[in-house]
Amino acid sequence: MTRTYLQAAGLAGIIAGACLALAAGPALAHHSFAMFDQTKVMTLQGKVTEFQWTNPHVFIELDVPSGRTNTHWSIELNSPNNLRRQGWTRTSLSNGDQISLRIAPLRNGKPGGLFLDLRKADGTTLDSGLPKNGTPVNVPRL
């Protein structure tokens, strides 16, 4: 009896370990920055249309003038918890705010990117709080 119990417990441990190993891949992929071209920095100026303070990542939706129309950009930021450590709050930006921000653009050329930093119309600056390996190298701050 004891041997059968130990064999069953060992098998359960192996199955649990395999499940954890399989789950680790998607978890790591979620935190990849591969979709952003971190060798390039773009500066955008526009009006905030939505500030989404949600997990797992905060987003700034932005309308940027482009000729006679606006191009809508979706900018990905860090998590609310990490941004809070940089001095951000859920009211740091409001719809209608005019901002100038720098991003690492999407590799596919669509209007989106990884947030680096911004300057509000009143001169206030906000930083991404990303680790140095999560942002382009040799980029001077605003």
Within region 28-82, work out how many residues are under 16 Å from the mean Cα position of the chain (by Cα) and not hydrophobic (A, V, I, L, M, F, W, C). 19
Taking region 75-92 and keeping residues out of contact with any Asp or Glu (no Cβ under 9 Å at 6 or more places or on another chain) and within 25 Å of Pro65 (Cα to Cα) leaves Glu76, Leu77, Thr91, Ser92
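Of all residues being buried (at least 20 other Cβ atoms within 10 Å of the Cβ) and out of contact with any helix residue (DSSP H, G or I) (no Cβ under 9 Å at 6 or more places or on another chain) in region 77-96, which is farthest from Thr124 (Cα to Cα)? Just the residue, please.
Going residue by residue through region 77-96, those that are buried (at least 20 other Cβ atoms within 10 Å of the Cβ) are 77-78, 83, 88, 93.
Within this subset, residues satisfying the condition of being out of contact with any helix residue (DSSP H, G or I) (no Cβ under 9 Å at 6 or more places or on another chain) are 83, 93.
Values: Leu83: 15, Leu93: 11 Å.
Only one residue tops the list, namely Leu83.
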Filter result for the condition that a residue is at pLDDT below 95 and outside any helix (DSSP H, G or I), over Asn82, Asn78: Asn78
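The values are calculated or read from the model by the stated rules, or taken from the named source; none is laboratory data. Computed from a predicted model, the values in this text were never measured in an experiment. When we count neighbours, we look across all protein chains shown, and the Cβ atoms used for this are built from the backbone with ideal geometry, even at glycine.
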